[in-house]
Structure formats: structure tokens, C-alpha cells
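Asker: Let me begin by handing over the structure; questions about it come next.
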Amino acid sequence: MKVIKWLDKHFEGTLLSISLVMMTVILVAQIIMRYFFKSSLTWAEELSCILLVWSGFLSISYTLRTNTAMRLTMLLSYLPRLGRNAVLLAAQIIMLVFFGCMSVAAVGLLFFTYQSTPALGLPMEYLYVSVLLGFALTVVRAAQNIVRIVRNFKTGDEMTWNPAEAEKGE
């Protein structure tokens with residue numbers, strides 16, 4: 001159970017951190033090779049781009065998990081508590097439906113692509129699985145947020161979207 005809780009809180013953040021470190025090391029190695037040894041790593045830019053795509057799709061669910069996604073909150077501040085929670089609930093339901101549909105589309109992209117990357121020769125499925133994983137994790141995070149909002153409806157608590165405050169309540 002501890003492993004599941006740890007994965008719930010840290011999965012995307014850990015993968016994003018690893019990806020950033022890998023991109024940095026690869027690109028620094030590429031710069032060193034190019035400017036000091038007058039040679040280039042043919043695969044470095046391509047692998048960095050693949051890691052960047054992975055980071056982009058994982059960051060969608062990460063922002064929902066940490067409640068740091070961009071949103072307009074000016075309207076929310078003028079609504080009563082019930083209205084704020086209703087708007088937040090509607091937004092999460094819309095995201096759940098949208099990313100659910102996008103996950104289905106990503107399955108089609110994943111299974112009907114027969115290309116490989118130019119420099120590494122990797123099947124493009126390794127790149128496209130990031131789309132499916134990112135959208136599927138976003139569906140999970142939106143569902144978790146919906147549960148949180150519904151709990152607040154029932155208890156009458158004020159919905160908080162401050163990550164530090166949200167962590168205390170769990």
C-alpha cells in the first residue's frame with residue numbers, strides 16, 4: 001500500500017525529473033563532443049526530443065495532480081462556495097471526457113504506426129506511447145480531483161487548489 005501511495009504522489013514528478021536530468025546530460029555531452037572533439041553524437045538530439053515529448057505529455061497529468069494547471073480564477077473568487085465547487089467539478093468532468101476521448105485516439109495512433117526514428121532506428125511506438133500514457137494518467141488525475149470535489153460537496157468544506165493544503169487533507 002505504501003508503494004501505491006508513493007506512486008500516486010510521485011510517479012509523474014519522478015519521471016519528469018529523470019527525463020530532465022537525462023536531457024541535460026545528453027545535450028551537455030553533445031556540446032562537449034561538438035566543440036572540443038569536433039565530432040557529433042548522431043543520436044543525441046533525437047533522444048532529447050523524444051524525452052521532451054515524454055515530458056510534455058507527462059506534465060499534463062502532473063499539473064492536475066499538483067493543482068498547478070493554468071486556469072482563470074477571477075470568476076471563481078466571486079462565486080459562493082457551492083458555485084466554486086460546481087465550476088471546478090464541471091471543469092474536471094470536461095477534462096475527464098476530453099482526455100478519455102484523446103486516450104482512445106492515442107490507442108489508434110499507437111497501434112497503426114509503422115515508422116521508426118531516423119537516427120536511433122527505434123519504433124515510433126516508443127514515442128507515441130507517451131501520448132497514451134500522458135492522456136490516461138490525466139484521466140486518472142481528473143477522476144481523483146472529481147472525487148475530491150464531491151467529498152467537499154458532501155462535507156461542506158471549501159475546495160482548496162493549493163497543493164500544500166491539498167496534501168495535508170489526504
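Asker: Using the Karplus equation 6.51 cos²θ - 1.76 cosθ + 1.60 (θ = phi - 60°), what ³J(HN,Hα) coupling, rounded to whole Hz, does each residue of segment 24-39 give in order, writing x for Gly and Pro?
Answerer: For segment 24-39, the Karplus-derived couplings read 5, 4, 5, 6, 5, 4, 5, 5, 4, 4, 6, 8, 9, 10, 6, 9 Hz, x marking Gly and Pro.
Asker: Then there's this: Please report how many Lys pairs in the chain have alpha carbons closer than 19 angstrom, counting only residues at least 8 apart along the chain or sitting on separate chains.
Answerer: 4
Asker: Related question: Which of the trypsin sites (Lys or Arg not before Pro) found in segment 1-84 are in a DSSP loop and have at most 15 neighbouring Cβ atoms, other than their own, within 10 Å?
Answerer: 38, 71
Asker: Please list log₁₀ I(q)/I(0) at q = 0.09, 0.14, 0.15, 0.18 Å⁻¹ for the chain, using the Debye equation with identical point scatterers on the alpha-carbon positions.
Answerer: -0.43, -0.85, -0.92, -1.15
Asker: Work out the FRET efficiency for residue 98 and residue 2 from their Cβ-Cβ distance, taking R0 = 25 Å, and round it to the nearest 0.05.
Answerer: After rounding, the FRET efficiency stands at 0.15.
Asker: Moving on to the next point. What does the charge add up to near residue 65, with Lys and Arg as +1, Asp and Glu as -1, over the other residues with Cβ less than 9 Å from its Cβ?
Answerer: Net charge in that neighbourhood comes out at 0.
Asker: Which residues' amide hydrogens lie under 5 Å from the amide hydrogen of residue 116, considering only partners 5 or more residues apart or on another chain, with H built in the peptide plane?
Answerer: 124
Asker: Tell me the accessible surface of residue 111 in square angstrom (1.4 angstrom probe, heavy atoms of protein chains only), to the nearest ten.
Answerer: Surface open to solvent at residue 111 totals about 130 Å².
Asker: Averaged across orientations, what area in nm² does the convex hull of the alpha carbons in segment 1-100 project?
Answerer: Over every viewing direction, the Cα hull of segment 1-100 projects on average to 9.9 nm².
The values are calculated or read from the model by the stated rules, or taken from the named source; none is laboratory data. What you see is a predicted model; the values in this text were computed from it and never measured. We place every Cβ from the backbone using ideal geometry, glycine too, and count neighbours over all the protein chains shown. Quick note on the areas: whole protein, heavy atoms, side chains included, nothing else; ligands and nucleic acids left out. Shrake-Rupley method; radii C 1.70, N 1.55, O 1.52, S 1.80 Å.
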